[in-house]
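Right, one structure below, let's go through it.
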Amino acid sequence: DGGITQSPKYLFRKEGQNVTLSCEQNLNHDAMYWYRQDPGQGLRLIYYSQIVNDFQKGDIAEGYSVSREKKESFPLTVTSAQKNPTAFYLCASKGLTGPQETQYFGPGTRLLVL
Amino acid sequence: SQQGEEDPQALSIQEGENATMNCSYKTSINNLQWYRQNSGRGLVHLILIRSNEREKHSGRLRVTLDTSKKSSSLLITASRAADTASYFCATDGEYGNKLVFGAGTILRVKS
């Protein structure tokens with residue numbers, strides 16, 4: 001998991017509430033990604049960002065929002081519009097030099113609905 | 001949309017045996033990667049194979065790629081209990097700026 005931190009490890013959301021998941025990296029990577037993982041399934045891309053102040057929707061962006069104000073940080077907000085938010089959320093980053101194609105993952109945040 | 005699909009969905013073997021997992025994908029790729037995930041943790045990169053490569057080794061791992069069949073296999077030799085995890089293949093998208101993951105193979109190595 002080195003170099004990427006996610007917090008909190010567990011997060012509980014009440015109905016109608018927005019919650020924000022934190023992702024920070026100290027790898028000096030330009031690109032950052034948010035994935036959602038449901039039980040027994042692979043990862044689905046929510047949003048990604050290749051440069052500060054710019055981001056693109058992934059395959060399942062509805063009900064989520066992101067910001068990229070700093071290179072090190074890529075927070076994900078799960079809005080009340082996301083009706084089925086219970087999942088494991090993974091953040092990843094990737095550099096544009098060296099092993100360019102490899103993504104480095106954080107430890108994940110498990111979001112549960114109360 | 002998920003491009004890679006792993007087979008089998010689950011695999012249970014004895015320690016010391018070899019484990020083979022397969023991945024199929026649908027479109028042209030620049031490279032294919034394999035990742036490992038321990039239960040409840042993030043993914044760890046294992047190995048990358050480029051579209052012009054047919055086989056690659058890393059320690060006890062051997063990956064093959066057949067672009068004509070749009071498939072790849074991951075072989076773990078002399079498995080250990082610590083190899084118990086989920087294994088995912090991932091392919092780069094049309095512009096190489098994002099990865100598409102398969103559903104994964106759950107490997108259980110019994111000691």
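FYI, it's all coordinate maths here, none of it is from the lab. Source: prediction; values computed, not measured. Note: ideal-geometry Cβ built from the backbone for every residue, glycine included; neighbour counts use all protein chains shown.
Could you work out how far apart the two model spin labels at A:Leu114 and A:Lys14 are, taking each label as a point 7 Å from the Cα in the direction of the beta carbon, and quote it in nm?
0.6
Can you classify region A:6-46 as rounded, prolate or oblate using the Cα gyration tensor, where a ≥ b ≥ c are the square roots of its eigenvalues, rounded means a/c under 1.5, and otherwise it's prolate if a/b beats b/c and oblate if not?
Oblate, because a/c is 1.5 or more while a/b does not exceed b/c.
Hey, can you grab everything whose amide H is under 5 Å from the amide H of B:Asn30? Only 5+ residues off in sequence or another chain; H modelled, so Pro and N-termini drop out.
Amide H to amide H, under 5 Å and 5 or more residues apart or across chains, B:Asn30 pairs with B:Asp92.
Report the charge-dipole magnitude of the protein assembly as shown in Debye, nearest 20, computed about the Cα centre from +1 at each Lys and Arg Cβ and -1 at each Asp and Glu Cβ.
280
Measure out, as a whole number of angstrom, how far apart the alpha-carbon centroids of region A:73-114 and region B:11-33 sit.
24
Within 10 Å of each Cβ in B:99-108, how many Cβ atoms from other chains are there, averaged over the peptide?
4
Using a simple charge model, +1 on the beta-carbon of Lys and Arg, -1 on the beta-carbon of Asp and Glu, nothing else, what dipole does region A:1-49 show about its Cα centre, in debye to the nearest 20?
Roughly 200 debye, rounded to the nearest 20.
What is the dipole size for region B:1-64, taken about its Cα centre, with +1 at each Lys and Arg Cβ and -1 at each Asp and Glu Cβ, in debye to the nearest 20?
Dipole of region B:1-64, to the nearest 20 debye: 280 debye.
May I ask which residue of A:Leu114, B:Phe101, A:Tyr48 lies farthest towards the positive end of the charge dipole of the protein assembly as shown, with charges of +1 (Lys, Arg) and -1 (Asp, Glu) on Cβ and the Cα centre as origin?
In the protein assembly as shown, that residue is A:Leu114.
Considering the dipole of region A:59-113 built from charges on the beta carbon (Lys and Arg +1, Asp and Glu -1) around the Cα centre, which of A:Ala61, A:Phe74, A:Gly95 is farthest to its positive end?
After comparing all options, I get A:Phe74.
Averaging sequence separations of C-alpha pairs under 8 Å and six or more residues apart, then dividing by the length of chain A, give the relative contact order as a whole percent.
Computed over chain A, the figure is 36 percent.
Roughly how many nanometres apart are two label points built 7 Å out from the Cα toward the Cβ at B:Leu61 and B:Glu15?
2.2
For region B:1-65, what does the equivalent ellipsoid look like in terms of its semi-axes, each the square root of 5 times an eigenvalue of the Cα gyration tensor, given largest first in whole Å?
So the three semi-axes of region B:1-65 are 20, 16, 13 Å.
In nm, give the distance between the simple-model label positions of B:Thr77 and B:Ser39, each being 7 Å from the Cα along the Cα-to-Cβ direction.
Placing both labels 7 Å along Cα→Cβ, they lie 3.0 nm apart.
From other protein chains only, count the Cβ atoms within 10 Å of every residue's Cβ in A:90-96, then give the mean.
Across the residues of A:90-96, the mean count of other-chain Cβ atoms within 10 Å is 2.
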